[in-house]
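One structure is given below, encoded as C-alpha cells.
The values are calculated or read from the model by the stated rules, or taken from the named source; none is laboratory data. Remember, predicted model here, so these are calculated numbers, not experimental data. Ideal geometry is used to build each Cβ from the backbone, glycine not excepted, and the neighbour counts take in all protein chains shown.
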Amino acid sequence: MLSKDEFVSLISKYNPDTDVALLGKSYDLSYRIHADQKRASGESYFTHPLAVALILAKKQFDDVSLAVALLHDVIEDSHLSVKDLSEEISEEVATLVEGVTKITTLEMHSVEEKQAENFRKLVLAMSKDIRVIIVKLADRLHNMRTLHFISKVEKRRRIAQETLDVYVPLVERLGIRDWKTELEDIAFSFLYPDDYLELQKKNNRLLKDGNKIISSCVEELQSVLKKASIECEIMGRCKTLYSIWCKIKKHSLSYEKVTDLIAFRVIVKDVEECYHVLGVLHGAYSTVPGRFKDYISLPKPNGYRSLHTGLIGPHNYRIEVQIRTQGMHEIAELGVAAHWLYKQRSSEEKMEGKRYRWMQEMLDILSNSRGGDGDFLKETKMAMFAEQVFVFSPNGDLYVLPRGASVVDFAYAVHTDIGNHCVSGAVNGRIVPLKTILKNGDQVSVTTSEKRFPSPSWFTFVVTGKARSCIRRYLRMLKREQYISFAKEMIKKEVKRLGYTYDEARLQNKYHHFDVSSVDDLLAKVGEGLVTKQAVVDHLYPEHLKDKKRTREDDILEAGYHEGDSAGEEGKPLLRGLIPGMVVHYAKCCHPLPGDPITGIVTTGRGVMVHHMDCKLLDRFSDVPERWLDISWSTSSVDNVEGMFSSRLSIVFANKIGSLSTVSSIISNEQSNVKDLRVVDRGDDFYRIVMDIEIHNRAHLSRVINRLKLSSLVFSVEKV
Ligand code: MN
C-alpha cells in the first residue's frame, strides 16, 4: 500500500502544482476513519479508496477528484457529516462526496433491469458535477476488480448485471474506453462464466496465430500507405471477449464465423490525411459494404471521432480499420479524461470562474442526442432532467415524474386504483399531506382505502396528465352514473305509461340506432338531456306510434344549453392566487360558486375565467397547463359574499297545475331570483327544466336545493 508521501509524490509527477496539503489531509482522514474496517478480501478497507484515487491518478485527474476518491466512503461508513467534512477538508470536496454517497445509497435499492435506463438518468440528474460520476465509476471499477472476493454468487451476479446495465453505458457516454472494456469483460465473466471460459480458450488460440497475423497485416498496410507517401502509426488488436460474445449472440453465429476479430488503427497527423488513407485503402482492397462510417464529420455523442471501414485485407482477412489523428485518438482512449487534460494544460482555463467550464461542456455533450449507437439518451435530453424528479416506491421501483409532482401524482403513476383511493402518503417514512411535492431520491408510500375517492381539490396540485385525466374521469363517471339511473327510471315510467312491459333486452338490441357504443352511453345521454326519452321509447316500441300523432318537437335533440346572458361578476377580493389588477370572469358554462372547487384559465386579453373543477370545458385546456391558474376562494368570503352568482339547476317535477309556480315561489322565498328557465323534457306526468338562479354562495345554493327537494311535487334537483 502506498504511504501518504509516496501517493502525493506520485501525483506531483504529473501535476507540479498539486495541492499537497489537500491530498495529505484527505489521505489521513480516510485512513483514520476506515482504520478498523476490512474489505471482503481481508485487506484493510483503506486500500479501496486509495485504489480508486490511483485509478483516477492514472488518468491524471485533478486534486479535488482525487480527494473525493479518497473520501468517497467516509460519510457512508462513519458519523462524519457533510458539514464536518466541509470544515475539515473543503466545501467543494464535501459536496462532491455527498453526491457520490447519494448514488451509493441508491444502489441499496434493488434495480430491476427495466429500471436501468431510469437509474442511469437518476445518476446523471444527481451528479451536477461530472466528477461525481467519474469517482463513482472508478469506485465501481475497483469493486469489479475485487468482485471475486464476494462469496455470495447471487450478490456477485447482481453487481455484475448492474454494472452492465447502469455503469457501462455511463462510461461509454464519457468515452473512457479502457474502463468500459474492463467493466464489460469482468461483468461478463461473472454472469456467463461458461461462455467466458470457452471464448477465452478459443481466443487464446487465435491470439497465438493472431499475433503473427496482426504483425504481418500491419507490415503490409504500412507498405501500402508508404507507397502513397503517408506517414502513420499502425496498431492492431483483437476484439474484447465481451464484444465477440455480443456479436455471437446478436447474430446467432459460431465463434469461427465472427469476422473483424482483429481491428487496426491508423494514426495520422491531420484530418486531411485521414481521408487520404481511406482513399488509398479503398483502392488497394475490396471494401465490406455497409461498414464505412464517418465519425469525423458526425462525431459520436461522447465526442469520439474517427473514420471506420471494413476491408477484405491482407491474406483475405476481414478486418476493421479505424483512421484518426493523434488528438482524436486521445479522446477515443481517454474520453472525458482527455478533455480534462487539454483544459488543464491550457493556462487560460486556470483563470478563476473558467476552471470548471469544461464540465458544463461535457454535460452538454452527454445531453446531446445526436444519435449514434449505444446512445442511451436517445429520447431524453439532459435538459429534461431539470424538469424531472426521480422517486422510489417502498420496494425500490423507480418512478420518473415531472418536477412539482405530488404524492397523488406518484399514486396515480403506480396504479390508477391507488390514485383513486389514496388517503395519505409517507415520504422517507414521515407521514405527509397528499399535496406534498416530491424531491429527487424520495422514497414514497401511499395508504389507500376502498372508501376514499378522488377529490376535485386535487386538481389544484396534481401536475401529471395521468392524475388529471383520472380524477376528471372519476368525477365525470360519478355524474354519469346518476344520469344513467335517472334515464332508466324515466324510460321505464314512460314504457309503463304506454302500457308495455319494460324489457332491457330491447334496449340491448336497439341502442346502435343512436350512434352510441353502449346502452349506458345512451342512457347517460338521455339523462343529460342530449337525447330525448321519447326518441328512445319510440324506437324501442315503434308499435305505439301507429296510435299516436306525433309532434316534430318530440324528436328534437337538445344539443346542449344556450348560454345565459349573465356577464359574470367583475373581480372582487374573493379569490386567492390572483395577480392584483387581473380581470375576473365567472364561467357561464359551469357557474362556480363560492366554496366550489375552482381553477382559473388565463385568456389572452380577457383576464381570468373562473371555472368549476368539474367543468367539461376544462378538457379543452389540458394541453396548455401554462394557462391554468391555481386559485381558490378566500375562506372568509365563502359564506359572506355580497354579490350574486349564478347557478344552474336541473329540476324534474310533477306535471300538475301550479307546480311550476310552487317551484318558483320556493326559490324566491329563499331570497333567490330566477334568471332563465327552459323546458328540456316533458312527459305526461313530469317536466324537466333547466333553471338559472341567483345565488350568494354554496350554503345558499344547498338551502335552495333542500327546500325544493322537500316539496312533494319535485322529483329531483341537481346542480348542472
Ligand atoms: Mn467505494
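A few points about this structure:
- Against the list (1) touching a strand residue (DSSP E or B) at 6+ places or on another chain (Cβ under 9 Å); (2) more than 27 Å from Leu147 (Cβ to Cβ), the condition Ser9 fails is (1).
- Any strands (runs of 3 or more DSSP E) falling wholly within the stretch 643-720 and containing at least 3 residues that are in contact with a strand residue (DSSP E or B) (Cβ under 6 Å, 6 or more places away or on another chain) and among the hydroxyl-bearing types (Ser, Thr, Tyr): 645-654
- For the stretch 1-58, a tally of residues being farther than 22 Å from Glu88 by Cβ and in contact with an Asp or Glu (Cβ under 9 Å, 6 or more places away or on another chain) returns 4.
- Restricting the stretch 55-96 to residues that are in a loop (DSSP other than H, G, I, E, B) and among the small types (Gly, Ala, Ser) leaves a set whose member that is nearest to the ligand (Cβ to nearest atom) is Ser78.
- Strands (runs of 3 or more DSSP E) wholly inside the stretch 413-462 containing at least 2 residues that are over 19 Å from Leu398 (Cα atoms) and of a type outside the set (Lys, Arg): 422-427, 430-432
Listed here are the residues, each with its yes/no results for (1) modelled with pLDDT of 60 or more; (2) over 30 Å from Asp62 (Cβ atoms); (3) assigned to a loop (DSSP other than H, G, I, E, B).
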site	(1), (2), (3)
Leu298	yes, yes, yes
Arg305	yes, no, yes
His315	yes, yes, no
Gly327	yes, no, no
Ala332	yes, no, no
Ala338	yes, no, no
Gln360	no, no, no
Ser369	no, no, yes
Lys378	no, yes, yes
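- Identification of helices (runs of 4 or more DSSP H) wholly contained in the stretch 97-202 with 1 or more residues that are under 23 Å from Lys58 (Cα atoms) and modelled with pLDDT under 85 yields 130-145, 168-174, 177-191.
- Selected residue [under 26 Å from the mean Cα position of the chain (by Cα) and of a type in the set (D, E, K, R)] from Arg506, Arg497, Arg472, Arg476: Arg472
- Residue among Lys59, Lys38, Lys4, Lys83 that is among the basic types (Lys, Arg), within 37 Å of the chain's Cα centre (by Cα) and surrounded by fewer than 19 Cβ atoms within 10 Å (Cβ to Cβ): Lys83
- Identity of the residue in the stretch 43-54, assigned to a helix (DSSP H, G or I) and among the hydrophobic types (A, V, I, L, M, F, W, C), that ends up nearest to the ligand (Cβ to nearest atom): Val52
- The C-beta contact set for the stretch 474-487 (first residue under 9 Å from Val526 (Cα atoms), second residue at pLDDT below 75 and not acidic (Asp, Glu), distance under 7 angstrom, 6+ apart or interchain) comprises Tyr483/Gly527; Ile484/Gly527; Phe486/Gly527; Ala487/Gly527.
- Residue check for Ala40: part of a helix (DSSP H, G or I) and either closer than 30 Å to Pro16 by Cβ or hydrophobic (A, V, I, L, M, F, W, C) (or both): no
- Subset tally (residues that are modelled with pLDDT of 80 or more and of a type outside the set (S, T, N, Q)) for the stretch 203-236: 18
- Residue identified as under 27 Å from Pro433 (Cβ atoms) and in contact with a helix residue (DSSP H, G or I) (Cβ under 8 Å, 6 or more places away or on another chain) among Arg468, Arg473: Arg468
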